[in-house]
1. What about Ser63, is it within 17 Å of Val119 (Cβ to Cβ), open to solvent by 50 Å² or more (accessible area, probe 1.4 Å) and either among the aliphatic types (A, V, I, L, M) or in contact with an Asp or Glu (Cβ under 9 Å, 6 or more places away or on another chain) (or both)?
2. Identify the single condition in (1) hydrophobic (A, V, I, L, M, F, W, C); (2) modelled with pLDDT of 95 or more; (3) out of contact with any Gly (no Cβ under 8 Å at 6 or more places or on another chain) that Leu86 does not satisfy, given that it satisfies every other one.
3. For the condition at pLDDT below 95 and hydrophobic (A, V, I, L, M, F, W, C), what is the one hit in Ala75, Ala33?
4. Step by step: first the residues of the stretch 4-24, then only those that are of a type outside the set (D, E, K, R) and within 14 Å of Arg72 (Cβ to Cβ), then the one that is surrounded by the most Cβ atoms within 10 Å (Cβ to Cβ). Which residue is that?
5. Find all pairs meeting these conditions: Cβ atoms under 7 angstrom apart; at least six residues apart or on different chains; first residue within the stretch 1-30 and within 24 Å of Ser123 (Cα to Cα); second residue open to solvent by less than 20 Å² (accessible area, probe 1.4 Å) and in a loop (DSSP other than H, G, I, E, B).
6. Filter the stretch 68-88 down to residues that are touching a Ser or Thr at 6+ places or on another chain (Cβ under 6 Å) and open to solvent by 40 Å² or more (accessible area, probe 1.4 Å) and give me whichever is farthest from Gly9 (Cα to Cα).
7. Being over 14 Å from the mean Cα position of the chain (by Cα), under 24 Å from Thr120 (Cα atoms), open to solvent by 30 Å² or more (accessible area, probe 1.4 Å) and modelled with pLDDT of 95 or more, is that true of even one residue in the stretch 43-53?
8. Can you list the strands (runs of 3 or more DSSP E) found entirely within the stretch 34-123 that contain at least 2 residues being under 17 Å from Leu20 (Cα atoms) and free of Cβ contacts under 8 Å to residues at least 24 places away in the same chain?
Amino acid sequence: QVQLVESGGGLVQAGGSLRLSCAASGRTFSAYAMGWFRQAPGKEREFVAAITYSGGFTDYADSVKGRFTISRDNAKNTVYLQMNSLKPAGTAVYYCNADVRRLNSAWRGGDYWGQGTQVTVSS
C-alpha cells in the first residue's frame with residue numbers, strides 16, 4: 001500500500017515555473033516506478049512524465065519534453081516534477097501515481113493515486 005500527497009500547485013503566468021512534489025508513505029516507495037498525469041477541464045487524464053524505481057530512466061509526453069523534469073529522492077519517499085516555460089495549455093489538476101507501467105507503447109497509471117494539485121497558467 002502506498003499513499004500519495006501532492007503539493008506545489010498554484011497560479012503562475014505563462015513562461016513561469018512551478019515545482020510539484022509528491023510525498024509517499026509506505027516502505028515500498030523505492031520499488032515503484034512513479035509518474036505524473038494531468039487532467040484539464042473537460043478532458044481525459046493524460047500522461048505527463050514517468051521515472052523508474054531507481055531514477056535511471058525517465059520519459060515524457062511530447063507536449064512537455066524539454067520543459068518538464070521528473071526526479072525522485074528515495075531516501076525522502078518523494079517524487080518531483082519541475083515545470084518550466086509553462087503554457088496556458090498546462091492548466092490542469094496534476095496527479096501523482098505509483099506503479100506506473102508502459103503497456104502497448106503507452107504509460108498506464110497504477111493503482112495508487114494522489115488527490116491532485118491544481119496548476120493554473122495565466123496568459
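The values are calculated or read from the model by the stated rules, or taken from the named source; none is laboratory data. If you're wondering where the values come from, they're calculated on a predicted model, not measured in any experiment. Backbone-built Cβ (ideal geometry, glycine too); neighbour counts: all protein chains shown. Just the protein is used for accessible areas: all its heavy atoms, side chains included, with ligands, DNA and RNA removed. Shrake-Rupley method; radii C 1.70, N 1.55, O 1.52, S 1.80 Å.
1. It is true that Ser63 is within 17 Å of Val119 (Cβ to Cβ), open to solvent by 50 Å² or more (accessible area, probe 1.4 Å) and either among the aliphatic types (A, V, I, L, M) or in contact with an Asp or Glu (Cβ under 9 Å, 6 or more places away or on another chain) (or both).
2. The single condition Leu86 does not satisfy is (3).
3. Of the residues listed, the single one that is at pLDDT below 95 and hydrophobic (A, V, I, L, M, F, W, C) is Ala75.
4. Checked the stretch 4-24; the qualifying residue surrounded by the most Cβ atoms within 10 Å (Cβ to Cβ) is Cys22.
5. What qualifies is Val12/Leu86; Ala14/Leu86; Gly15/Leu86; Gly16/Leu86; Ser17/Leu86; Leu18/Leu86.
6. The extreme case among them is Asn74.
7. Yes, some residue in the stretch 43-53 is over 14 Å from the mean Cα position of the chain (by Cα), under 24 Å from Thr120 (Cα atoms), open to solvent by 30 Å² or more (accessible area, probe 1.4 Å) and modelled with pLDDT of 95 or more.
8. Where strands (runs of 3 or more DSSP E) fall fully within the stretch 34-123 and carry at least 2 residues being under 17 Å from Leu20 (Cα atoms) and free of Cβ contacts under 8 Å to residues at least 24 places away in the same chain, they are 58-60, 68-73.
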